[in-house]
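S.K.: Below is a structure I'd like to ask you about.
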Amino acid sequence: MRRCEAAGWLESIRRPLGLSPQPAEKEFTSCLGSGIVLCNVINKIQPGAVPKVVAAQSVGTAWDIQ
């Protein structure tokens with residue numbers, strides 16, 4: 001499954017995201033929904049590419065924390 005590979009890749013770059021080993025589509029997309037995870041991953045690959053990453057306080061999931 002590409003979703004599982006993508007989740008594993010994201011976790012290897014950023015840190016554990018708290019996803020199950022084989023996340024369902026809904027679990028995976030909710031992890032990426034705010035864009036914070038992707039912005040942080042982009043900054044790991046290319047430091048400073050996203051100048052300001054703001055965590056959404058109203059969401060409050062483990063995925064939104066840097």
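The values are calculated or read from the model by the stated rules, or taken from the named source; none is laboratory data. Computed from a predicted model, the values in this text were never measured in an experiment. Every residue, glycine as well, gets a Cβ built from its backbone with ideal geometry; the counts of neighbours run over all protein chains shown.
S.K.: Kindly provide the set of residues from segment 30-53 that are over 13 Å from the mean Cα position of the chain (by Cα) and either loosely packed, with under 15 Cβ neighbours inside 10 Å or touching a residue at least 24 places away in the same chain (Cβ under 8 Å) (or both), ordered by number.
M.R.: Result: 45, 46, 47, 48, 49, 51, 52.
S.K.: A further question on this structure: Answer yes or no as to whether residue 9 is aromatic (Phe, Trp, Tyr) and either modelled with pLDDT under 90 or on the phi > 0 side of the Ramachandran plot (or both). Don't jump to the end; show me each part of the working.
M.R.: On the way: aromatic (Phe, Trp, Tyr): yes; either modelled with pLDDT under 90 or on the phi > 0 side of the Ramachandran plot (or both): no.
No: the conditions fail for residue 9.
S.K.: OK, next. Just give me the residues in segment 19-52 being of a type in the set (Gly, Ala, Ser) and not in a helix (DSSP H, G or I), in sequence order.
M.R.: 20, 24, 33, 34, 35, 48, 49
S.K.: Scanning segment 9-29 for residues that are surrounded by 13 or more Cβ atoms within 10 Å (Cβ to Cβ) and free of Cβ contacts under 8 Å to residues at least 24 places away in the same chain, which turns out farthest from residue 52 (Cα to Cα)?
M.R.: This residue is 23.
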